[in-house]
Amino acid sequence: MSVQTRTISLSTQGNADIQDITNQIMQIVDETGLEKGTVTLFTPSATSALTTIEYESGCISDLRRLFDEIVDPQRHYAHNARWGDGNGHSHVRAALLGPSLSIPFVDRRLTLGTWQQVIFVDFDNRQRRRELVVQLIGE
Amino acid sequence: MSVQTRTISLSTQGNADIQDITNQIMQIVDETGLEKGTVTLFTPSATSALTTIEYESGCISDLRRLFDEIVDPQRHYAHNARWGDGNGHSHVRAALLGPSLSIPFVDRRLTLGTWQQVIFVDFDNRQRRRELVVQLIGE
Amino acid sequence: MSVQTRTISLSTQGNADIQDITNQIMQIVDETGLEKGTVTLFTPSATSALTTIEYESGCISDLRRLFDEIVDPQRHYAHNARWGDGNGHSHVRAALLGPSLSIPFVDRRLTLGTWQQVIFVDFDNRQRRRELVVQLIGE
């Protein structure tokens, strides 16, 4: 058993930019040489989040619409009133979707479904550089 | 320390069919013989999700109403327009609720609350057979 | 490699009382003496949840507004009709936000972002005492 920690670097556009990070995670699992265990993905940020989806333009646009509707960027936010940085909606969206995801791997392969990709969602209101944490515990 | 991976097979009705999978997980923990560690649950699917709730008909119906309201199946979805499979809402709901859940166990028992059950929610728009991944890391 | 399990005790006001538990988790990581691994946080309750946010009064109030809007406590809930305990909305909110969170630690430090705190959200409709489970697997 061992613990292996890596990072994934991303450049994002912000504003609910959704990126497919499945291949980067697969490559990390492969590089560690571990046969089986759990991958913990974590975004060290309060304005971005992780989940899975079928990564095709329809689903991506449908997911973005949901967040536009339930956490509308055009409204008043107490965070913006206090700090003036205009990304109050980004914080609420990120808290709701969540910063972590855990995926088992077996025989050096992620146990993802055929149409299921891992996505990073950057809810901030500007371009960002991001470093995600990818930690494997396994053998 | 070891990694133990099992699966749970389910037949679901789709359309936000919510099933209590607590007993199946407890049984797996028991069968592995591990004393303590973390159970990672993962659904290898882009149209289903996992969480916990008090599994009684009132809570189940209240949770289903939430998804009917914030991700209404009767609306236009870009996914449906592109692929014609009618489950655009299922993808958005599953991405929001999330595919993974991590639960510590101690003395061979899940650390669940008295009124807390683990549920699998199948958001797809038809009957499905599902295989969930249940992975334990512990000793 | 070892498994270390601790608890955090909290007194909450309920009604979406949001508490910053980052320091308690940091202290537990420090006390175990483990260098690197994954912390699994779990609330053994069906009316509370965990996530991360920038813990300042603006974000906290914006997040509470979201839940007031999408899971309004003033509406009819089937859970309340059946059990009469008035916390039907608490159950739906907790199921949506989720009971678990996984955070990698490296060099005895949580891999949180600079403005990112771990929060416990008590959605129940009254004061509660809570015991959260904090389990580390690492070396």
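The values are calculated or read from the model by the stated rules, or taken from the named source; none is laboratory data. The shown structure was predicted, so the numbers you read here are calculated from the model rather than taken from an experiment. Every residue, glycine as well, gets a Cβ built from its backbone with ideal geometry; the counts of neighbours run over all protein chains shown. Heavy atoms of the whole protein, side chains included, go into the accessibility calculation; ligands, DNA and RNA do not. Shrake-Rupley method; radii C 1.70, N 1.55, O 1.52, S 1.80 Å.
Across identical copies of the chain, residue B:11 has label-point separations of 5.3, 5.3 nm, listed in ascending order, with the point defined 7 angstrom from Cα along Cα→Cβ. For region A:13-103, the solvent-accessible area works out to 34 Å² per residue, with a probe of 1.4 Å and every protein chain left in place.
Relative to the longest principal axis of the Cα atoms of chain A, helix A:88-97 runs at roughly 30 degrees.
For region B:1-52 and region B:67-88, what is the separation of their C-alpha centers, rounded to whole Å? If you average the Cα positions of each part, the centres end up 27 Å apart.
Return, ordered by residue number, the residues of region B:21-43 whose backbone nitrogen is under 18 Å from a label point located 7 Å along Cα→Cβ of residue B:108. Answer for this model: B:23-39.
Sorted from closest to farthest, the other copies place their residue B:82 label points 3.8, 3.8 nm away, with each point set 7 Å from Cα along Cα→Cβ.
Sorted shortest first, the distances from the residue A:115 label point to those of the same residue in the other copies are 3.7, 3.7 nm; each point sits 7 Å from Cα along Cα-to-Cβ.
Helix B:57-70 and the longest principal axis of the Cα set of chain B meet at an angle near 50°. One chain, two ends: residue C:13 and residue C:56. Fully extended at 0.36 nm per residue, the span grows by 13.7 nm beyond their Cα-Cα distance.
Taking a sphere under 12 Å around the Cβ of residue A:108 and counting the other residues whose Cβ falls inside, with K and R at +1 and D and E at -1, yields a net charge of -3. Below 12 angstrom from the Cβ of residue A:40, what's the summed charge of the other residues (Lys, Arg +1; Asp, Glu -1)? Local charge sum for residue A:40: +2. In region A:1-93, the portion of solvent-accessible area held by carbon and sulfur atoms comes to 43 percent [1.4 Å probe, whole percent, DNA, RNA and ligands not counted].
Model label points for residue A:127 and residue B:76, set 7 angstrom from Cα along the Cα-to-Cβ axis, are 3.2 nm apart.
Tell me whether the protein assembly as shown comes out rounded, prolate or oblate; compute the Cα gyration tensor, take square roots of the eigenvalues as a ≥ b ≥ c, and use a/c under 1.5 as the rounded threshold.
Judged from the Cα gyration tensor, the protein assembly as shown comes out rounded (a/c under 1.5).
Take the accessible area of chain B alone and of chain C alone, subtract that of the pair, and you get about 2600 Å² summed over both chains, using a 1.4 Å probe.
What GluC sites (Glu not before Pro) does region A:37-92 have in DSSP loop regions with at most 12 other beta carbons within 10 Å?
Within region A:37-92, no GluC sites (Glu not before Pro) qualify (loop, at most 12 other Cβ atoms within 10 Å).
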